[in-house]
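Student: Encoded as structure tokens, here's the structure I'll be asking about.
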Amino acid sequence: MTGLPRNNPEGMSDEEFEALEVWRKRTVVERKEKEAARVRSSLVGKDSNFSRVTRNVLPDPEKFAESVKKFLKKSGMNWVKKHQHFSEIWYNTVGPEISENTMPVSFAKGILTIEVFSNALKHELENFFKAELIQSMNKELGKTPLRDIKFKLGTRE
């Protein structure tokens, strides 16, 4: 047999040595499979059916819902969800270019607060277009009168 030199103990034929190598490789593979099964069972439990796995991996639905609510509140998306019509009316009133650089963040007591991502745009909206925006939005809102719009400088996140 030709090839790389191997650590063949004296007195062992090539066939015996090949059989020993096959046995060693199989033993290594079996040990790795057993180790993987042990790790899997420690993570999942002895029952490895899918429902058992998903029960152990998926969070409690109530805790998950609470986490989503907290995230929405923290990110401001909760307000957007509740007042989607303000966002839509704002978009329709100012158009896509300005709405990309602004975001309605609150509405209370007839005052709509808009976060503006550019100081120059904030100045322009406050000083030149505020009255026109209030009038246009009131036409769209109907029942909910808009008394004022407050613009505040914000950052995109």
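Student: If we scan segment 103-121, do we find a residue that is among the small types (Gly, Ala, Ser), assigned to a strand (DSSP E or B), modelled with pLDDT under 95 and exposed (fewer than 12 other Cβ atoms within 10 Å of the Cβ)?
Tutor: Initially, segment 103-121 is screened for residues among the small types (Gly, Ala, Ser), giving 106, 108, 110, 118, 120.
Then drop every residue that is not assigned to a strand (DSSP E or B), which leaves 106, 108.
Those still in the list that are modelled with pLDDT under 95 too: 106, 108.
Now restrict to residues that are exposed (fewer than 12 other Cβ atoms within 10 Å of the Cβ): 108.
Yes, there is a match, as at least one residue in segment 103-121 is among the small types (Gly, Ala, Ser), assigned to a strand (DSSP E or B), modelled with pLDDT under 95 and exposed (fewer than 12 other Cβ atoms within 10 Å of the Cβ).
Student: Can I ask one more? Need pairs with beta-carbon distance below 8 Å; first residue within 13 Å of residue 86 (Cα to Cα) and in contact (Cβ under 8 Å) with a residue 12 or more places away in the chain and within segment 128-141, second among the aliphatic types (A, V, I, L, M) and in a helix (DSSP H, G or I); sequence gap 6+ or separate chains.
Tutor: 133/94; 133/125; 137/89; 140/89; 141/89
Student: Could you give me the residue pairs with C-beta distances under 7 Å whose first residue belongs to segment 79-98 and is among the hydrophobic types (A, V, I, L, M, F, W, C), whose second residue is at pLDDT below 80 and not in a helix (DSSP H, G or I) wherever it lies, and which are 6+ apart or on separate chains?
Tutor: No pair meets every condition.
The values are calculated or read from the model by the stated rules, or taken from the named source; none is laboratory data. Fair warning: this is a prediction, and the values are worked out from it, not measured in the lab. FYI the Cβ positions are ideal-geometry reconstructions off the backbone, even for glycines, and counts take in every protein chain you see.
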